[in-house]
Each structure stands twice: as C-alpha cells, then as structure tokens.
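The values are calculated or read from the model by the stated rules, or taken from the named source; none is laboratory data. It should be emphasised that the depicted structure is a prediction, and the values quoted were computed from it without experimental measurement. Note that we place each Cβ from the backbone using ideal geometry, even for glycine, and neighbour counts take in every protein chain shown.
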Amino acid sequence: MNSPDKKINILFITSLLDRMGGAEKNLCDIVLHLNRDEFTPFVLAFKGGELTVMLAGQNIAVMENGIQQLFSIDTLKKGYSLWKFIRTEHIDVVVTYHHDADIFGSIVARLASVSQIITSRRDMGYQLEKKHVLFYRWFGWLFSHFITVSDAVKQEVMAREGVKEHKITTIHNGLELERFGSWDQHKIQRLRDELSLDPDRVTIGMVASFRPIKGQMYLVEAVAAMKEWQHKIQVVIVGYNDTDYFREVQFRIQELGLEQNFIFTGARADVPDLLGLFDIFVISSVNEGFSNAIVEAMAAGLPVVAADSGGNREAVEHGKTGLLFQPCKSRTLAEALTTLLGDAQRMKEFGDKGKRCVAEKFTLHQMIAANEAVYRWS
C-alpha cells in the first residue's frame, strides 16, 4: 500500500499505441482521466503513432523504445534504460498491456524493485502462443495483480494460467454517457447524404475493424439468408478495412449479389454521430473480451444483437437489452435480426433499457475509480 502523503507514479507499458483499438482506448481513457492530484502517469510504447502524439499533446510523459524482437541484445539495452528510468522517476506502479509488454515490463520492473506490477488483460488470449502461456504459468508470480475486462476473461486467465481468484479484479469498460444519444439532426442528415442511405430501409450498423475474429462474414451470410428482408435493410460497417479479410468479405458480398445492402465507411473518428444513423446494432465476434462497441451502442439507445462470445453477455442481457446468438452461426444471427425487424416496440424497449444499463454499470467515472482503487492497494 502506498503512502497517502505522496503522489503515486504509474508507468503504463504497452506493445502498441499507434491507432485506437480496445486496449488502446482503455489505456488512453485511464491515463487522461486519472486524478492528477493523486497519480502521475507515464507511458512507454514499443510502437507509437497518432495516440502517442495525442497523449503528448495532453502533457502526458510518453516514450517509445522501438522494441521489435523481445529477445535480443538491443532489447537488453533498452531494458537497462527502462530500469534506470524506473529508479530515477521513483515509479510505484507498473501496468502492462499485451503479452510482449507483460514479459518485458514485469521482468524489468521486478529487477527495479517495483512491488506493484499489474497486467491488464483485454481479450480471451486468442493471440497467445505456447511460449506466452508458459511464461504466464511459470512467472505469473511477477505480477502483484491482474485486471480483466470481463469475468469471462477472468475465468480464462484462471483456467489457462492457474492464477488465484483473489489476485484478479474485473473492471468493465466505461464511457462518457453524454457523448452518446444526443444528436444534431442536421449533422445526422449530412451523414445520411454522405453515405447515400435509403430513408425507407432499416439500417443495421456494426463498428469493428476487419479481422477474422470480428466475424463480419457471418453478418454477410445472415443477410443472404434473410431473403424476405433484403430489399428492406441496409448494413453500414464502420472500421479499418485495409486488410485481406475485408477483401474476402467484399468478394463474398459480390458472389451473393448483396452489393446494394452493404456500405463500408472505413475507420472513422465520428462513431458517436454515426450511431445516430442506425436502427439496430450488431456485433458478430468469434471471440470478444468485452466490447466497447456494444456499450457505446447501448449508450446511444440502440437495440443490440451480439454473438454470445467472451464477455458480451456481461453487457447484453438477452431478452432485456438485446439478443444474443450462437457465435459463428449466421443462421442464428439471421433469426435474431428477423425477430427484431418485425417488432418495433421491442426494439425501442431494448434501446431504452440498454441506455439505462450503461448509466448504471458502464460509466467512465466508475471505470476510472475502480482502476485507481487497484493501483492504490494491489
């Protein structure tokens, strides 16, 4: 436990901080909203980009070390530099994101005599290789505490790495509720015109970068199965799409003759506004720690149809704030969408209840307070 008479110096270490993803958003939200009367944050990224520039512009001490290979002479030298930095700046707490940062950060922090070393787990471990799992099982004692983004991730960490439950705290993602659901109708109309949306069609929305794990292909197949609805719906997918998977999805849409049903915006910074275009929100992830996009959609008052994967059921209460469907099953997604499309009253009820749920459970203030508590006591 830290002394209440001094500020707590926290070093956040992450492998990537180039563009916004779930882990990156969590780190940035925390760093920008910590109580600066009590905490002083520092950030180290192996690879930076627009987010490191943004944080530096907010007077956050940000560093990049350019580590590419975890086990190399160059990395040893950078480890020594980090050891000196930790000792010089009297770092009290180290928080790591992503497996390479976990390994590098935890070892150096222990050698520098940091007693509070926290790993923040944002997904179900789908990218872990055998060597990472072995490290976590053999050297998990290096971490004083684990923060998991959902209870599903918590259970996965316990089962895979043998971590005791008392060392883990689940802290769900939170957001600024006031940013969602209050739209400038002139701006919304401009966005409708920009995307050439048909006002007579129901708009199904998704926010997810194009990677196989996000499962956009299942939504394509679901629309193909909804033949009686195809002329009544349009699907807008927001997210980074310069990927091979995006091109596979495009090809499948062309094969199925669904070009008139799908609109792709690419990555956008105006997601809160774009949510105002949607009538239904879909997440079709094969694997999901806990979806920021779901919480944002609920905050915007949208009914949500989500794959029952990972921590999604901790946000979406089936039959009350939305519908869950079996992951990787386009048929069950089609059935869920058809159920909602035929029931406008149910769509409104789901949207209203979802918005209340976010206000009660998933605010930025709650998330920051919970993280600060772990930093004080871990």
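Miscellaneous remarks
- Test: residue in the stretch 305-325 that is assigned to a loop (DSSP other than H, G, I, E, B) and aliphatic (A, V, I, L, M): yes
- Filtered residues of the stretch 164-183 (kept if without any contact (Cβ under 8 Å) to a residue 24 or more places away in the chain and not hydroxyl-bearing (Ser, Thr, Tyr)): 164, 165, 166, 168, 178
- Pairs linking a residue in the stretch 81-106 that is surrounded by fewer than 21 Cβ atoms within 10 Å (Cβ to Cβ) to a residue that is modelled with pLDDT under 95 and among the basic types (Lys, Arg), with Cβ atoms under 9 Å and 6 or more positions apart or on different chains, are 90/6.
- Of the helices (runs of 4 or more DSSP H) lying entirely inside the stretch 60-176, those containing at least 1 residues that are under 30 Å from residue 358 (Cα atoms) and among the hydrophobic types (A, V, I, L, M, F, W, C) are 151-161.
- Test: residue in the stretch 268-291 that is crowded, with 21+ Cβ neighbours inside 10 Å, part of a loop (DSSP other than H, G, I, E, B) and among the acidic types (Asp, Glu): yes
- Taking first residues from the stretch 17-45 that are in the same structural domain as residue 58 (by TED's automatic domain parsing) and under 17 Å from residue 119 (Cα atoms) and partners that are among the basic types (Lys, Arg) and in a strand (DSSP E or B), the Cβ contacts under 9 Å between residues at least 6 apart in sequence or on separate chains come to 17/47.
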